[in-house]
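Notes follow the structure.
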Amino acid sequence: MKHAQTAENEFHLPRLERQPFEPRALKSIVLSSITVAAAITACIPLFSVLIMLLYRGGKRLSLEVFYQLPPTAFETGGGFGNAIVGTLFMVGIAALISVPFGILAAIFLAELGPDSKVAITARFCAKIMTGLPSILAGVFAYAAVVVVFKTYSAWAGGIALSLLMIPVVLLTAEEAIKMVPRAMKEAAVGIGCTPAQAMVKVILPVALPGIITGVVLAVARAAGETAPLLFTALFSDYWLKAQEPTASLAVLIYNYSGMPFENQIELAWAASLVLVLMVFLLNIISRTLGGRKKI
Amino acid sequence: MKLAKTVRSLVLCSMCSFFAVSAMAATTVVGSGASFPAPIYTTWFKQFSRANKGVQINYQAKGSGAGIRDFIDHTVDFAASDAAMTEKQIAKVPEGVQLLPMTAGEIVLAYNLKGVKDLQLSREAYTGIFLGKIKKWNDPVLVKANPGVTMPDEEITVVSRADSSGTSYVFTQHLAAISPEFAKNPGYGKTVNWPSAIKMVKAPKNDGVTATIKQTPGAIGYIEYGYAKMTKQPMAKLENKAGKFVAPGLEGGQAALANAKLPENMIAWITDPAGDQSYPIATYTWMMFYKKYSDPAKAEILRNMVAYCLDHGQKIADKIGYIPLPANVVEKVRAASANIQ
Amino acid sequence: MAHPTTTLPQEAASLSQPPSKMDIIFNKSFRSLTYAFTWAMVLLLAAIVIKIGIKAIPAIERHGLAFLTTTTWDVNSQHFGILPEIWGTLYSSLLALILGGFFGITIAIFLTQDFLPHRVEVVLKSIIELLAAIPSVVYGLWGIFVLIPLIRPLADFLHTHLGWLPWFSTSLSGPGMFPAALVLSIMILPTIAAISQDAFRAIPHKTKEAAFGMGTTRWEAILKVMLPAASGGIFGALVLGLGRALGETMALAMLVGNSNQISLSVFAPANTLASLLALNFPEAAEYEVSVLMYAACILLLITLLVNIAGTAIIAMTGSGAKK
């Protein structure tokens, strides 16, 4: 009775403070707890993989692995310095190809002609290419580069990896550019920028964090892929020579994880850890150098 | 971002120029192919290039088929294969092909069965398992072959290779040789269409099969002896042609090789060796060379490499889990290696 | 979309200059450069498809459409059919996309909608991106040694108590669809989470402030304002995740069981197109290569169709609120 009365009294002046048992608020609380629970559930396996990697890879991680050459069966010690250099080199080539390629095409797709026929086709092509199994990237680069030059090389490896990176860079860059608030674009044009100037001086810097995410994800995927390199760069037990077969961490992991020797298996784990740490480092460096405060 | 890229490319450029200079003097020989002998090949090649300054040999295991394709495309200097090249493939190489058996191996049946230590499998038993006729570990056929052992009442899960492989080829070739029924269906090959009656899972490569066996109670699968030996898998003793149960290993393997005649083209299959001591599933593995190289220095390096593998290489074969070639085979291979010019 | 091609009006010239000749040349060449690369994207895929297609011709001629509807893969008798692989590819990718998509977007919401202090958000974001770099072999090993033993009791429970449902009708064989789809969803989760987070972050603050200003609760703001605003980016994230799921090989090959059968049961072994390709290509003889390239064409076609279907669904539900 009293309750009803207060409700009636306050009819004209709704209470503004939070009412946790109101249906809307309840819904919000329930959804929040579901989100927290789901996020934690999802993090468990992710961290479990990471912990397994840290545990098994960390056991063998030492300075030696960074500058020594791979060991043979029954040899103790050894490392994968050449594979680190090879991976850096090939992923570097792939990034030099795919980052400008992806971003330039993304600019056209997002800004200059988003509804033109070629843009719609290119967008679909990029989406299809994300599903390209990595082995096909290898087979294609083998036919296009290795067979033509009659030799396996780091160049061919880089080209094969770029095939995997291009669609990822392109699609994420397109989204990042599209997400730049229209007001900013209009302001840039309004003060007299040509479309190209607006793009280079305003839109790209604002879209940069999103583009970096795409590049990091693309590099992360490319650095861990074995199949394209198996058909283009092969492997080598020696230091990098770009015109010849080249070692890479991914192929080393593939080779060594399947071997029956304790030393090699440990190295494979350490190599996986190093690979992940390298991507982590790239992530941090590119974000400190290129990351601006969010909009 | 731009800066990061510049920094990275600078570092890369300086790195590669450094390595390009430091490694200028070496001659590099490239090979690819079979994964089965990869551990021993890479060991040999590394020791060889340590003994010969200025020579580097790169070998990458990517599969026999891919190795042969590389060889035909002339993207490598030599290739390796578990299943020798066919006539048709050889015809595609205008310089001519010299095949040389370099080492040999066995295939074993590894299993995961609590409480059973020395599993013995009669011919009837293991063909039955791989035909899908024997489905439980306490099947009378298995009980009969293992007197005094209590076989558990468990389902048999067969683990086979998911990837197309020389190991599957040799194993199914053996099964086809001893069981007419197996020869008819599924037959033999790098992959076969296993009878659907088998409760089977497939895993890639030796390590995949081994890991799956380890994680699946009641599992059995075929893997290479070297791999099983190094990782200490329980291996079954198999009944050979003479009706004896033989454990896989050096003696059984060498006895099996001794029973095979090696013809002029160096291709011999040991599908079902005779002899009391012979382990029933053994095979050679080959390297392929061109008969004519445009660079005579390369041909010489390759001949030296073969000689090194025959002399020093065979000594360490057993330690890594391979069977050393019998002495008469070594001589034959040495003579044939003169064809590499 | 802003699309200005004209130069400034004359009156502004007193305050600022009209674009110089260099500016105009730069603008033109920049435009044509982006145009060229857009074409290059199309030509690149065309080149790949042609290269694969030519190799596939002998197999297409010989097997025709029966290739898509039969279930045997027998090299000895030269019978090739990929229906189980098509089924397995779609089944595993969609399962992974549902799981990975749900959890990925949830994580993105969790890390962008002020549940945590900003610093923690940034650290967690970097960790999640780093998980994208873990080689598939590691995921495969984790699946075999950690995940399968862990889900075995759960799978046995589901099979014994809910075995009448087609999804649980067989017992867990060890490797199979369920562990494969789980690992796949974990593998695509970083991609989806990272890109969706960017999509949320890119929404201007005032959008959210406006929503709160109108008195929405946190979730009304998220569901009715933030999600629609970010939907373009989230959809892009799902496309990339799906692409990775469709093309993933090594981890799947280790976990899916590689069996040529079609079963609704998530505990039965299955097979996928990408792992079929990766596992058979290295040892394939000439004709088999042709067959595998045919399978590759089908995989690309599936990617195309799934993408078209996805776009259509987004368009139909009308949630694709483009800004």
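How about segment B:224-243: which of its residues are surrounded by 15 or more Cβ atoms within 10 Å (Cβ to Cβ) and either out of contact with any strand residue (DSSP E or B) (no Cβ under 7 Å at 6 or more places or on another chain) or hydrophobic (A, V, I, L, M, F, W, C) (or both)?
Quick first cut of segment B:224-243, residues surrounded by 15 or more Cβ atoms within 10 Å (Cβ to Cβ) only: B:224-231, B:233-241.
Result: B:TYR227, B:ALA228, B:LYS229, B:MET230, B:THR231, B:MET235, B:ALA236, B:LEU238, B:LYS241.
Quick check: anything in segment B:36-49 at pLDDT 85 or above, over 30 Å from B:ALA255 (Cα atoms), of a type outside the set (Ser, Thr, Tyr) and part of a helix (DSSP H, G or I)? Among the residues of segment B:36-49, not one is at pLDDT 85 or above, over 30 Å from B:ALA255 (Cα atoms), of a type outside the set (Ser, Thr, Tyr) and part of a helix (DSSP H, G or I), which makes the answer no. A residue that is in a loop (DSSP other than H, G, I, E, B), surrounded by fewer than 22 Cβ atoms within 10 Å (Cβ to Cβ) and within 9 Å of another protein chain (Cβ to nearest Cβ) can be found somewhere in segment A:75-83. Does C:TYR91 satisfy the criteria of being among the aromatic types (Phe, Trp, Tyr), under 16 Å from the mean Cα position of the chain (by Cα) and more than 23 Å from C:ILE203 (Cα to Cα)? The answer is yes for C:TYR91.
For segment A:177-218, the candidate set comprises residues that are touching a residue at least 40 places away in the same chain (Cβ under 8 Å), more than 7 Å from every other protein chain (Cβ to nearest Cβ) and of a type outside the set (A, V, I, L, M, F, W, C); within that set, the residue that is surrounded by the most Cβ atoms within 10 Å (Cβ to Cβ) is A:GLY214. Just checking, does segment B:307-316 include any residue being within 14 Å of B:HIS174 (Cβ to Cβ) and touching a residue at least 60 places away in the same chain (Cβ under 8 Å)? No; the residues of segment B:307-316 include none that is within 14 Å of B:HIS174 (Cβ to Cβ) and touching a residue at least 60 places away in the same chain (Cβ under 8 Å).
Residue pairs whose Cβ atoms lie under 7 Å apart, sitting 6 or more positions apart in sequence or on different chains, and linking a residue in segment C:39-67 that is more than 15 Å from C:SER290 (Cβ to Cβ) and free of Cβ contacts under 8 Å to residues at least 24 places away in the same chain to a partner that is in a helix (DSSP H, G or I) and of a type outside the set (A, V, I, L, M), are C:ALA40/A:PHE101; C:MET41/A:CYS125; C:VAL42/A:THR121; C:VAL42/A:CYS125; C:LEU45/A:CYS125; C:ILE48/A:PHE140. Listed by first and then second residue, the pairs linking a residue in segment B:271-282 that is farther than 16 Å from B:LEU109 by Cα to a residue that is β-branched (Val, Ile, Thr) and in a loop (DSSP other than H, G, I, E, B), with Cβ atoms under 8 Å apart and 6 or more places separating them unless they lie on different chains, form an empty list.
Do we find a residue being closer than 19 Å to A:MET179 by Cα, outside any helix (DSSP H, G or I) and facing chain C (nearest Cβ under 9 Å) anywhere in segment A:99-107? The answer is no; no qualifying residue exists. The numbered conditions (1) of a type in the set (Ser, Thr, Tyr); (2) over 21 Å from C:LEU147 (Cα atoms); (3) more than 7 Å from every other protein chain (Cβ to nearest Cβ) are all true for C:SER265 except (2).
Of the residues contained in segment A:150-169, one or more are found to be more than 10 Å from chain C (Cβ to nearest Cβ) and without any contact (Cβ under 8 Å) to a residue 12 or more places away in the chain. Within segment B:199-223, being aromatic (Phe, Trp, Tyr) and either surrounded by fewer than 21 Cβ atoms within 10 Å (Cβ to Cβ) or assigned to a helix (DSSP H, G or I) (or both) holds for no residue. Selection of segment A:219-230 for residues being more than 9 Å from chain C (Cβ to nearest Cβ) and farther than 21 Å from B:PRO39 by Cβ yields A:ALA222, A:PRO228. A single member of B:VAL170, B:VAL149, B:VAL143, B:VAL192 is among the β-branched types (Val, Ile, Thr) and within 11 Å of chain C (Cβ to nearest Cβ), and it is B:VAL192.
For segment A:282-290, indicate whether the set of residues that are within 11 Å of chain B (Cβ to nearest Cβ), in a loop (DSSP other than H, G, I, E, B) and surrounded by fewer than 21 Cβ atoms within 10 Å (Cβ to Cβ) is non-empty.
Here is the first cut: in segment A:282-290, the ones within 11 Å of chain B (Cβ to nearest Cβ) are A:282-290.
Filter once more, keeping what is in a loop (DSSP other than H, G, I, E, B): none.
No, segment A:282-290 has no match at all.
Among helices (runs of 4 or more DSSP H) lying entirely in segment C:194-309, which contain 1 or more residues that are under 27 Å from C:HIS79 (Cβ atoms)? The qualifying helices (runs of 4 or more DSSP H) are C:227-247, C:250-255, C:273-280. Among the residues of segment A:231-275, which ones are out of contact with any helix residue (DSSP H, G or I) (no Cβ under 6 Å at 6 or more places or on another chain) and assigned to a helix (DSSP H, G or I)? A:TYR254, A:ASN255, A:GLU262, A:ASN263, A:ILE265, A:GLU266, A:VAL274, listed by residue number.
Can you tell me which residue in segment A:146-168 is surrounded by the fewest Cβ atoms within 10 Å (Cβ to Cβ), limited to those that are assigned to a helix (DSSP H, G or I), at pLDDT below 90 and of a type in the set (Val, Ile, Thr)? Spell out the reasoning first.
To start, the set of residues in segment A:146-168 that are assigned to a helix (DSSP H, G or I) comprises A:146-149, A:154-168.
Applying the additional criterion that residues be at pLDDT below 90 yields A:146-149.
Now drop any that are not of a type in the set (Val, Ile, Thr), which leaves A:146-148.
On the way: A:VAL146: 25, A:VAL147: 16, A:VAL148: 11.
Within segment A:146-168, the match that is surrounded by the fewest Cβ atoms within 10 Å (Cβ to Cβ) is A:VAL148.
Scan segment C:103-112 and give yes if some residue there is more than 9 Å from every other protein chain (Cβ to nearest Cβ) and of a type outside the set (A, V, I, L, M, F, W, C), otherwise no. So that I can check it myself, show each step before the final result.
Within segment C:103-112, the first condition is being more than 9 Å from every other protein chain (Cβ to nearest Cβ), and the residues that meet it are C:105, C:108, C:112.
Filter once more, so that each one left must be of a type outside the set (A, V, I, L, M, F, W, C): C:112.
Among the residues of segment C:103-112, at least one is more than 9 Å from every other protein chain (Cβ to nearest Cβ) and of a type outside the set (A, V, I, L, M, F, W, C), which makes the answer yes.
For segment A:38-72, the tally of residues that are at the interface with another protein chain (Cβ under 7 Å from one of its Cβ atoms) and not in a helix (DSSP H, G or I) stands at 1. Here are some conditions: (1) in contact with an Asp or Glu (Cβ under 8 Å, 6 or more places away or on another chain); (2) touching a residue at least 60 places away in the same chain (Cβ under 8 Å). A:GLN243 meets all but one. Which one does it not meet? Just one mismatch for A:GLN243, condition (1).
Within segment A:112-123, restricting attention to residues that are in contact with a helix residue (DSSP H, G or I) (Cβ under 7 Å, 6 or more places away or on another chain) and within 7 Å of chain C (Cβ to nearest Cβ), which residue is nearest to A:ARG182 (Cα to Cα)? Before you say what the answer is, go through the steps one by one.
Of the residues in segment A:112-123, the ones in contact with a helix residue (DSSP H, G or I) (Cβ under 7 Å, 6 or more places away or on another chain) are A:112-113, A:118-119, A:121-123.
Checking which are within 7 Å of chain C (Cβ to nearest Cβ) leaves us with A:112, A:118-119, A:121-122.
On the way: A:LEU112: 14, A:VAL118: 23, A:ALA119: 20, A:THR121: 24, A:ALA122: 23 Å.
Step by step, filter segment A:112-123, then rank; the result is A:LEU112.
Quick one: in segment B:62-82, which of the residues that are touching a Leu at 6+ places or on another chain (Cβ under 9 Å) and assigned to a strand (DSSP E or B) is farthest from A:THR232 (Cα to Cα)? Among them, the one singled out is B:SER81.
Here is the figure for segment B:269-295: residues that are surrounded by fewer than 16 Cβ atoms within 10 Å (Cβ to Cβ), in contact with a strand residue (DSSP E or B) (Cβ under 7 Å, 6 or more places away or on another chain) and modelled with pLDDT under 90 total 0. Could you please let me know if A:THR87 is more than 7 Å from every other protein chain (Cβ to nearest Cβ) and either out of contact with any His (no Cβ under 8 Å at 6 or more places or on another chain) or aromatic (Phe, Trp, Tyr) (or both)? For A:THR87, the condition - more than 7 Å from every other protein chain (Cβ to nearest Cβ) and either out of contact with any His (no Cβ under 8 Å at 6 or more places or on another chain) or aromatic (Phe, Trp, Tyr) (or both) - is met.
Would you mention how many residues in segment A:64-80 are of a type outside the set (Phe, Trp, Tyr) and farther than 18 Å from A:PHE235 by Cβ?
Our first condition is that a residue be of a type outside the set (Phe, Trp, Tyr); within segment A:64-80, this holds for A:64-65, A:68-73, A:75-79.
Add one more test, that the residue is farther than 18 Å from A:PHE235 by Cβ, and what stays is A:64, A:76-77.
Final tally of qualifying residues: 3.
Say whether the condition of being among the hydroxyl-bearing types (Ser, Thr, Tyr) and without any contact (Cβ under 8 Å) to a residue 40 or more places away in the chain is met by at least one residue in segment C:270-277. Checked against the condition, which is being among the hydroxyl-bearing types (Ser, Thr, Tyr) and without any contact (Cβ under 8 Å) to a residue 40 or more places away in the chain, segment C:270-277 yields at least one hit.
The values are calculated or read from the model by the stated rules, or taken from the named source; none is laboratory data. Bear in mind the structure is a predicted one, so any value in this text is a computation, not a measurement. Cβ sites come from the backbone with ideal geometry, for glycine too, and all protein chains shown count toward neighbours.
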